[in-house]
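The values are calculated or read from the model by the stated rules, or taken from the named source; none is laboratory data. On a predicted model such as this, the values are computed, not experimentally measured, just so you know. Cβ sites come from the backbone with ideal geometry, for glycine too, and all protein chains shown count toward neighbours. Accessible surface areas use protein heavy atoms only, side chains included; no ligands, DNA or RNA. Shrake-Rupley method; radii C 1.70, N 1.55, O 1.52, S 1.80 Å.
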Amino acid sequence: MKRTRLADILSSKKVGDHFVVMGWVRTRRDSKGGFSFIEINDGSCLKNLQIIADKRLSNYGDEIVKIQTGCSIRASGALFHSPGKGQDVELHAEEIQVLGWADPDTYPLQKKRHSFEFLRSIAHLRPRTNTFGAVARIRSAMSLAIHTFFQERRFFYLHTPIITGNDCEGAGELFKVTTFDLGHVPRDGEDVDFKKDFFGRPANLTVSGQLEAEVYAMALGDVYTFGPTFRAENSNTSRHLAEFWMVEPEMAFCDLEGDIELAESFLKYIFAHLLENCHEDMAFFNRFIDSTVIETLEGVLSKGFERLTYTEAIEILAKAERKFQFPVAWGNDLQSEHERYLCEEVFQRPIILVDYPRQIKPFYMKLNGDQKTVRAMDLLVPRVGEIIGGSQREDDYETLLTRIREAGLNPDDYWWYLELRKFGTAPHAGFGLGFERLIQFVTGLSNIRDVIPFPRTPGNVSF
RNA sequence: UCCCCGGUAGCUCAGCAGGUAGAGCGGGUGGCUGUUAACCACUUGGUCGGCAGUUCGAGUCUGUCCCGGGGAGCCA
């Protein structure tokens, strides 16, 4: 089954050479002049290859003229300059073999544009469209860039557990993991008897690898995780998934300043990588999805991010002429409308907000000297909102203990996390980046369900 | 979970003030052309989201449930 990928043929354009190509038919147009044009795509790149099928081919009458959108074919022939507009080269087939038919009466994809809503209902076929093919390639390229960025900086890739026994990390509702027969759950009086469950205690899918990443940062120095996380929140928005991928670097001997520098150079690295290596797909998004995405990424590369404190942000919002639905007051968390106003109207580019009030942030963030704020940073981008949340971590044992109690959590559940502060504690910091939200930002796609192959949302686990 | 909007042919939608359904695309057939979201002609195609109700009569009005979208909350 030797073949040459379309990406290689179309980039090298070796006219005169002989190739074997395989792919899925996008369209067939017949010429009664005695041949057919068949466009195929094999997913290796956005572009299609036009194949010229002459009527002298032995199966022209019974097969080739019946080839429809969705069929998979194998074609061999020589590459020629194309006299037509729309493509530089084309393959003149010497042989065409249909590998798999696609009944046109029931194959749901047309040559025409479909709505994203409809394509979500056929998630098994939507990667064959231009948009979803491009998203998949971008997603893959970004994954590679994430690893190379960290590896070049000598971070170690850490695998944190998917199933955890930490019942509360303060990050949303948990999916429970059990082997119980839910019709007959063992009970100890009123309560569920978890001693009889697989782990002998309650377990759940992870909502974040951060606490475990801190463990390894306090031994290896710089580590990062890149894996799936799960939130059972009943969130029905274009920015939330029940299963999403998160990147979480964690650095020992690092403060908030270093954390912000890492976040900024990280995003710049990813964006530069995309602009350099994913020209065709990025141009596609810029043309058909959002005509500002390339300019936005270039803007980040040249100008970086606006940085301000939470307190400064509140001052700007308080002076704004705009009427907000939610009140602006120091101590309140910023609402979407506030974040959007700052990002999209005041600064018109990504912003980093630091030093949030302690009461609106999790227990593990380091308390500032003022005792009122914590060393937190949120990175907000236009359209998508928060894509990074990070902080310097609390490294003082007593302060952390107090903060855990303040949050209404049981210190016993965090004994090992607390021990990191007891034995050789050190300043450290890290952040979490929502991978899908980053893809939304770079592609311009407005619904997060369209940047992950098989989205999981409340009421939907199809495919 | 809350607030808005929507669910009509395989897809995208129209159907104005209740009188039992239309277009474009797709599919099929024929024609035409180095075509390229091809084009032209003909043709195929629907228990109008489900269940109740009002009415002589419901795609159209009412209730309710389900599903989808946008926004909000929660967050990444």
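The peptide list A:279-290, A:401-412, put in order of mean Cβ contacts within 10 Å with the highest first, becomes A:279-290, A:401-412.
Remark: region A:203-216, residue by residue, has Karplus-estimated 3J(HN,Hα) of 9, 8, 7, 5, 9, 4, x, 4, 4, 5, 5, 4, 4, 7 Hz, where x stands for each Gly or Pro and the curve is 6.51 cos²θ - 1.76 cosθ + 1.60 at θ = phi - 60°. Pairwise Cα distances in chain A exceed 31 Å in 53 percent of cases. Computed extension length for residue A:56-residue A:325: 89.8 nm, one decimal, from 0.36 nm per residue of separation with the Cα-Cα distance subtracted. Amide H contacts of residue A:82: A:89, A:90, each under 5 Å away and 5 or more positions distant or on a separate chain (H built 1.01 Å from N in the peptide plane; Pro and chain starts excluded).
Of the cross-linked pairs A:13/A:85; A:176/A:422; A:176/A:361, those separated by over 21 Å at the C-alpha level are A:176/A:422; A:176/A:361. The tail of the calculated P(r) for region A:6-107, taken as Cα-Cα distances beyond 22 Å, holds 22 percent of the pairs.
Distant-in-sequence amide contacts of residue A:23, defined by a placed amide H-H separation under 5 Å and a gap of 5 or more residues or a different chain, comprise A:73.
Where the centroid of each part is defined by its Cα atoms, how far is region A:188-241 from region A:258-277 in Å? Using only Cα atoms to place each centre, the spacing works out to 28 Å.
Scanning residues 5 or more positions from residue A:30 or on other chains, those with amide H under 5 Å from its amide H are A:37, with H placed 1.01 Å from N in the peptide plane. Express in whole angstrom the spacing between the alpha-carbon centres of region A:36-99 and region A:302-326. So the separation of the two Cα centres works out to 56 Å.
Working note: Debye formula, equal point scatterers on the alpha-carbon atoms of region A:326-421, no solvent; log10 I(q)/I(0) at q = 0.10, 0.13, 0.23, 0.25 Å⁻¹ is -0.32, -0.52, -1.12, -1.24. Sorting A:42, A:103, A:191, A:413 on solvent-accessible area from highest to lowest, probe radius 1.4 Å, gives A:191, A:103, A:413, A:42. Legend: residue pairs A:66/A:111; A:32/A:112; A:112/A:268, Cα-Cα distance threshold 26 Å; pairs beyond threshold, A:112/A:268. Projecting label points 7 angstrom from Cα along Cα→Cβ for residue A:14 and residue A:410 puts them 6.7 nm apart. Spin-label model, residue A:154/residue A:235: points 7 Å from Cα along the beta carbon direction are separated by 3.6 nm. Positive-end ranking of A:80, A:367, A:357 along the dipole of chain A, with charges on Cβ about the Cα centre, is headed by A:80. In the context of the full set of protein chains, residues of chain A present 49 Å² of accessible surface per residue (probe radius 1.4 Å, heavy atoms only). With θ taken as phi - 60° and the Karplus curve 6.51 cos²θ - 1.76 cosθ + 1.60 applied, the whole-hertz 3J(HN,Hα) list for region A:308-319 is 8, 8, 3, 4, 5, 5, 4, 5, 4, 5, 5, 7 Hz, x standing for glycine and proline. Can you tell me how region A:345-385 classifies by the Cα gyration tensor, rounded, prolate or oblate, using a/c under 1.5 as the rounded cut? The shape class here is prolate. The slack in the chain from residue A:347 to residue A:68, taken as 0.36 nm per residue of separation less the alpha-carbon distance, amounts to 95.4 nm.
Considering helices alone, the calculated mean residue ellipticity of chain A at 222 nm is -8500 deg cm²/dmol, with DSSP H runs of length four and up weighted by -39500 (n - 2.57) and normalised per residue. Measuring nothing but protein heavy atoms, the accessible surface of chain A at 1.4 Å probe radius is 51 percent carbon and sulfur. Using a simple spin-label model with pseudo-atoms 7 Å out from Cα toward Cβ, residue A:180 and residue A:143 lie 3.5 nm apart. In sequence order, region A:323-329 has phi-based couplings of 8, 9, 6, 9, x, 9, 7 Hz under the Karplus curve 6.51 cos²θ - 1.76 cosθ + 1.60, θ = phi - 60°, and Gly or Pro positions carry x.
Out of every Cα-Cα pair that region A:172-225 contains, those further apart than 18 angstrom amount to 51 percent.
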